[in-house]
Amino acid sequence: MLKSKTFVKKTRSGSVLKIVREHYLRDDIWCGSEICSECKDESPVLQRDACIESNLCPFPHYLIPDTNVVLHQIDILEDPLIRNVIILQTVLQEVRHRSAPVYKRIKDAIHDKEKHFYTFTNEHHRDTFIEREQNESANDRNDRAIRVSAKWYTEHLSRSQSGAELRVVLLTNDRSNREKAEQIGVIAYRCEEYIKSLIGNPELVDRLALTSDDQNEISGSKLLFPEHLPLSKIQAGIKSGTFLQGSFRASTDNYLEATVFIHGEGDKTTEVLLQGLQNLNRAVHQDVVAVELFPKERWVAPSSVVLQDDQQNDEDTEEEEAEKKLKSPVLDTTMLKPTGRVVGIIKRNWRPFCGMLNQSQIKESTRHLFTPADRRIPRIRIETRQASSLVGQRIIVAIDGWPRNSRYPNGHFVRNLGGAGDKETETEVLLLEHDVPHQPFSQTVLSFLPKMPWSVTEEDLKVRADLRHLCVCSVDPPGCTDIDDALHCRELDNGNLEVGVHIADVSHFIRPGNALDQEAASRGTTVYLCGKRIDMVPELLSSNLCSLRSNVERLAFSCIWEMNHNAEIINTRFTKSVINSKASLTYAEAQMRIDDSSMNDDVTKSLRGLNMLAKILKARRIEKGALTLSSPEVRFHMDSETHDPIDLQTKELKDTNSMVEEFMLLANISVAQKIYEEFSECALLRKHPAPPPSNYDILIKAAKSKDLVIRTDSAKALADSLNEATLENFLYFNTLLRILATRCMMQAVYFCSGMDSDFHHYGLASPIYTHFTSPIRRYSDIIVHRLLAVAIHADSTYPDLMDKHKQSALCNNLNYRHKMAQYAQRASVAFHTQLFFKSKGILNEEGFILFVRKNAIIILIPKFGLEGTVFFENKDKPGPRLSFDSEGPTLTVEEQHTFHIFDKVKVTISLDASNIQHQKIRMALLEPVIPGVSVQLPEPEPEAKKQKLDR
Amino acid sequence: MAGLELLSDQGYRLDGRKATELRKVQARMGVFAQADGSAYMEQGNTKALAVVYGPHEVRGSRSKSLHDRAVINCQYSMATFSTAERKRRPHGDRKSSEMSLHLKQTFEAAVLTQLYPRSQIDIYVKILQSDGGNYSACVNAATLALVDAGIPMRDYVCACTAGFVEDTPLADLCHAEESGGGTTLSLALLPRSENIALVQMDARLHQDHLPALMEAAMEACKGLSKVLDSVVRQHLQEVSVQTRE
Ligand SMILES: [Zn+2]
């Protein structure tokens, strides 16, 4: 401790407030090199033979990148080829300040042992700390600090006898910095220069980001866009009200149109419509921008035109023609929306984008356009020498910048994911595009797993209820390896029934705040794709230690009720426990046991008791107005070897499904009550708001077309009228109605009880609800477990758990992750449906009209649970005469046939692969026959050929 | 990515210290001639002045006096210029009264008050500059002042703070670290017996972490006690040299 006395002390001052901080300089910071004999570093990071073949530096060397090189060329630094890099503290701090994502990536690189990246704490080193001089800007000072450190390294390494030829190389793209470095005897190169000098690694050059100097060279000198105002002017403008700040959302269908959402006070948001490239002014989807509103005379209605940016050349031409199409005369003035233009970018939200390369038509060209999979992202110009090998591949590209004289943003190639249409590749793409974290768990995360072999200890038994003797069993879908719930039911001596729901005790293994916890919190949920599962927690927990498999001892969190035979709860008890499940059953197996009167073992008796109670509970819930809605869910039968879908099947529900569900609901409700009672400010709950009445319009109209009435004034009324709405000889009608009703609903969300007053769960007709029963696959449940554990004094609390703002932020992330997981799931189903139809060729199927649109009908094929659109308009030929009546809604085609909702039709289904990046299921009408509109039964071959030509 | 990185991956804190290292300590005893005892203490940029009067007869109402021991009266204040933001600090605001009370409790535990029944010992401390650990600087300064005044104590009372960042306990927090959002634990220790005179924590902390945090604070206090001890010895040497002359 007395060591601190030997430190030299300096102070530094801030700007407005005079902040004085101590700054200790040390003499025990090592250089981190293996060759060094002076430093007493026990495990040096930088290798003795730092060899990488380079024309410029034929000697072994360490690299020192400056801040801008790290910020812009992180893709290069991450390459496995680049090793032995010294990251200065000055650089790291600047990066941290300027870009959180890059900071995380460079930190990951530093932690990677293979990379041999060393952080040199130069700001606290006695010889490398410098003070800011008078009239020196902070940037200049930092540049100087980097040079001083580089010089120190140069001299320090040359002093050690064994490595006389080992040098350091400073990478900087700043010319004056480089000159000054050379003056003091430091070897310095521009990043491009250095990377290009590497022998035998041409592909690395592609990953170079373009710096602003290069960008000017590429595009013409003509300025295409208005300039962006500097941040200071933007802020002044926002303050004075001349500019508005909002998030930029590009349109999916029209590359010349975008909306800026401006958050006003409270929940109010204003939308500003932007039209035309000049007004969009280089903003990219999800950027935070400043906009200036146009006067009212220039307000317009959004154009309903579909425009795709499909020019083949990358000329920087102006698209006057396309923009003309946007202008359509508007008669209805209520449709007018405020319009404006982007004056500046407040924050770019660029991420690496998945997509495909359009090879330039000029054979030798190294510049190519890249089309992102997300239609809202503009095409990106990249430079690559391996274009021919990248064609047909899904690749990732990052944007480097968008200069004023360039029609497209400039970017660079990051990574090749694999061939388009390939199952692995497409899965990777949909995970990336839906922001699903799916990298393998890092070593740090894994280090917090329990050591194997693991078993229940005496300690555990001391603090837990020993329920190993109970006849507990689990019921799940077939093939389930992450079993997070198990049940039991037995008769008590007083004639009542004891029912227990036992949930995997994940919070026992995942302690608050450690890396494992943070990773799980960030992932938020396990994502189930067709034939693939992206776990929220490492497999050791999800499929082993936390999975309540049969005949092993497992830790559980139990919710135990005493009930009478009318399923009325007499008392509720929560306890941490140890259980030993007697059987892991599938729904079908459980159903079989219940039905088979010859079976009378404990498990079966337990199941019968549960089933009996569940039926009463369900009836009571429905009585209260809980909704049973329907959505066509499909499941694929996968080929066990190729993992190709071989058959589609809609989900089938058995009694046992709803049996398990019923008790999970009950447990969730009981727990919700308990944690809210205990922590009224910071209970994590789940609510499902009632939809606004207008949401039901479509459902009411649809029912009316069949002379039925759907009442929507309450959930109960809705549930009842849905039950009554049946048609004779149209069995599927009720299901269709329920599918429609599902579409009217709001999204259920997590929230923190201290931040909201409306807790109602509309769909379940429960005044309070939460998620407790799936902690292996939902992070919300882990938090709920922790709250409940504190409530029953089984565990201790920690600050973040009791902080309603932090918990609210967590809820936002969980809601986001759940939404994205759902989208990813749907995208995965869609992709597998495509694979399925690809193998099936063309099919003819019966379906029902689900929606009627102005120019199309949307059809549901019950057999596949598949939804598709039959368009009556065609790009190439004049469409048929259509008249749409929004009252019905009905659509009359060629004055011959009128389509109503719920009509039965016959369609052909095929895979439209004309756009390889956006393959889709194509439906065409077979019956009713409308000449010129419907297709004929023998499949029209020519059409398919024509599409190929179109490509 | 708001906020400061309190502990870098290399194990350095904002000001370049490692997790267990204390700030630079400087102290002087006997800074005022009029008082019975006085001391000036610097822990990094936190600077405190302590003055001790007594033991003397109980002033004011006699009812306050205790028949079996001395009354300890503490007053804590902060100089207007002590923080980056200058503001008037009236005497007796809630924070100062609380701090005064804490100091009183601390020294009641350390001073052998039973030696002076029916009398009073006044301890006045003022923070001249504040950069985290105000309480500990006050305690340490007051200890030195009590020693200077020749008032018998069980042991030095050494105080230090400790905080928690990413599973690592940090000793002797500076202001930036205190306001970094974590938990701060203030500990006043009688180092030789390892008796705790006062421990205070102002935010929640997971129970699992408490032993490690206490351990860090104890170590820091012991480190400080060595410094205080050397200050006292040096002072004595100086004084004895002076008196001999
Ligand atoms: Zn060295």
Per residue of the stretch A:665-674, what does 6.51 cos²θ - 1.76 cosθ + 1.60 with θ = phi - 60° give for ³J(HN,Hα)? Whole Hz please, x for Gly and Pro, Karplus curve as stated. 4, 4, 4, 4, 5, 4, 5, 4, 4, 5
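Using mean Cβ contacts within 10 Å as the protection proxy, how do A:275-286, A:800-811, B:70-81 order, highest first? Spell out each step's value before the answer.
Numbers: A:275-286: 21.5, A:800-811: 17.5, B:70-81: 19.0.
Highest to lowest by the protection proxy: A:275-286, B:70-81, A:800-811.
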List the residues of the stretch A:740-766 whose backbone N lies under 18 Å from a point placed 7 Å from the Cα of A:Ser714 along the Cα-to-Cβ direction. A:759-766
Give the average, rounded to an integer, of partner chain Cβ atoms located within 10 angstrom of each Cβ in A:795-804. 3
Placed amide H near A:His23: partners under 5 Å, 5+ positions off or other chain: A:Lys10
Interface burial for A against B (accessible surface, 1.4 Å probe, total of both chains, Å², rounded to 100): 3000
Give the accessible area for A:Glu34 in Å² (nearest 10); use a 1.4 Å probe, count only protein heavy atoms, and leave out ligands, DNA and RNA. 80
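Evaluate the stretch B:25-243: find the radius of gyration of its Cα atoms, find its Kirkwood radius, and give the ratio Rg to Rh.
Values: Rg = 17.2 Å, Rh = 17.7 Å.
Taking Rh as the inverse mean 1/r over Cα pairs, Rg/Rh reads 0.97.
If you take the Cα Rg of the protein assembly as shown and divide it by 2.2 N^0.38 Å, with N the number of residues, what do you get?
Values: Rg = 36.3 Å, N = 1196, 2.2 N^0.38 = 32.5 Å.
Compared with the compact-globule rule of thumb, the protein assembly as shown sits at 1.12.
Expressed as a fraction of 2.2 N^0.38 Å, the rule-of-thumb size for a compact globular protein of N residues, what is the C-alpha radius of gyration of the stretch A:725-813? Intermediate values should be presented prior to the final figure.
Values: Rg = 18.4 Å, N = 89, 2.2 N^0.38 = 12.1 Å.
In units of the 2.2 N^0.38 Å rule of thumb, it is 1.52.
So which trypsin sites (Lys or Arg not before Pro) in the stretch A:421-475 pass both tests, a DSSP loop state and at most 10 other Cβ atoms within 10 Å of the Cβ?
Details: sites: A:Lys423, A:Lys451, A:Lys462, A:Arg464, A:Arg468; in loops: A:Lys451, A:Arg464, A:Arg468.
Passing sites in the stretch A:421-475 are A:Lys451.
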Quick one: which residues, 5 or more positions from A:Gly401 or on another chain, have an amide H under 5 Å from its amide H? H modelled 1.01 Å from N in the peptide plane, none for Pro or chain starts. A:Asn410
What does the structure give for B:16-29 when I average, per residue, the other chain Cβ atoms found within 10 Å of the residue Cβ? 4
Across the residues of B:222-233, average count of Cβ atoms on other protein chains within 10 Å? 1
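Share of antiparallel DSSP beta bridges in the stretch B:25-243, in percent to the nearest 5?
Working: 38 of 46 bridges.
Antiparallel bridges: around 85 percent, rounded to the nearest 5.
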Point-charge dipole on Cβ atoms (K/R +1, D/E -1) for chain A, about Cα centre, debye to 20: 1600
Roughly how many Å² is the accessible area per residue of chain A, as a whole number, for a 1.4 Å probe? 48
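Taking a 1.4 Å probe, which of A:Glu589, A:Glu433 shows the most accessible area, and what order do the others take after it?
On the way: A:Glu589 80, A:Glu433 35 Å².
Reading off the accessible areas and sorting them downward yields A:Glu589, A:Glu433.
Can you say what percent of the DSSP beta bridges in the protein assembly as shown, counting only those with both residues inside, are antiparallel? Round to 5. Mind showing how you got there, number by number?
Details: 160 of 195 bridges.
If we restrict to bridges inside the protein assembly as shown, about 80 percent are antiparallel.
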Connecting C-alpha atoms closer than 10 Å in a GNM of chain B, tell me which of B:Ser193, B:Ser100, B:Ser230 has the biggest fluctuation. B:Ser193
Which one, B:Leu198, B:Leu210, B:Leu170, has the greatest fluctuation when you compute a Gaussian network model over chain B with C-alpha springs under 10 angstrom? B:Leu210
Amide H neighbours of B:Met78 at under 5 Å, excluding residues fewer than 5 places away on the same chain, with H built from the backbone geometry, are B:Ile127
Per-residue HN-Hα couplings for the stretch A:178-192, Karplus 6.51 cos²θ - 1.76 cosθ + 1.60 at θ = phi - 60°, whole Hz, x for Gly and Pro? 5, 4, 5, 5, 5, 4, 9, x, 9, 6, 9, 9, 6, 4, 4
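Pick out, in residue order, every one of the trypsin sites (Lys or Arg not before Pro) in the stretch B:179-227 that is DSSP loop and has at most 15 other C-beta atoms within 10 Å; say none if there are none. Can you show the working numbers first?
Working: sites: B:Arg192, B:Arg204, B:Lys222, B:Lys226; in loops: B:Arg192, B:Arg204.
Sparse-neighbourhood loop trypsin sites (Lys or Arg not before Pro): B:Arg192, B:Arg204.
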Put +1 on the Cβ of each Lys and Arg and -1 on the Cβ of each Asp and Glu in the stretch B:25-243; which of B:Ala203, B:Met78, B:Ser225 then has its Cα farthest toward the positive end of the dipole? B:Met78
3J(HN,Hα) from dihedral phi, the stretch B:60-76, Karplus parametrisation 6.51/-1.76/1.60, rounded to Hz, x for glycine, proline: x, 5, 6, 4, 6, 5, 10, 7, 10, 7, 8, 8, 9, 10, 10, 9, 10
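If you count only protein heavy atoms with a 1.4 Å probe, what accessible area per residue comes out for the stretch B:25-243, rounded to a whole Å²?
Ligands and nucleic acids excluded, the result is 46 Å² per residue.
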What does the stretch A:521-608 give for Rg and for Dmax, in Å, if only its C-alpha atoms count? 16.9, 49
Find the centroid of the Cα atoms in the stretch B:10-58 and in the stretch A:65-92, then give the distance between the two in whole Å. 44
Tally up the carbon and sulfur contribution to the accessible surface of the protein assembly as shown as a whole percent, 1.4 Å probe, everything protein left in place. 49
Going toward the positive end of the dipole of chain B, with +1 on Lys and Arg Cβ and -1 on Asp and Glu Cβ, which of B:Gly133, B:Ala171, B:Leu101 do you reach last? B:Leu101
Considering only DSSP states other than H, G, I, E and B, which GluC sites (Glu not before Pro) in the stretch A:679-756 qualify as loop sites with at most 10 other Cβ atoms within 10 Å? A:Glu728
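Under 25 Å between alpha carbons: how many lysine pairs meet that in the stretch A:826-876, if sequence neighbours fewer than 8 apart on the same chain are excluded? Write out the running numbers ahead of the final one.
Details: A:Lys838/A:Lys863; A:Lys838/A:Lys875; A:Lys840/A:Lys863; A:Lys854/A:Lys875.
Counting lysine pairs in the stretch A:826-876 gives 4.
The values are calculated or read from the model by the stated rules, or taken from the named source; none is laboratory data. None of these values were measured; they are calculated from a predicted model. We place every Cβ from the backbone using ideal geometry, glycine too, and count neighbours over all the protein chains shown. For the accessible areas, the whole protein counts, side chains as well, though only heavy atoms, and no ligand, DNA or RNA atoms are used. Shrake-Rupley method; radii C 1.70, N 1.55, O 1.52, S 1.80 Å.
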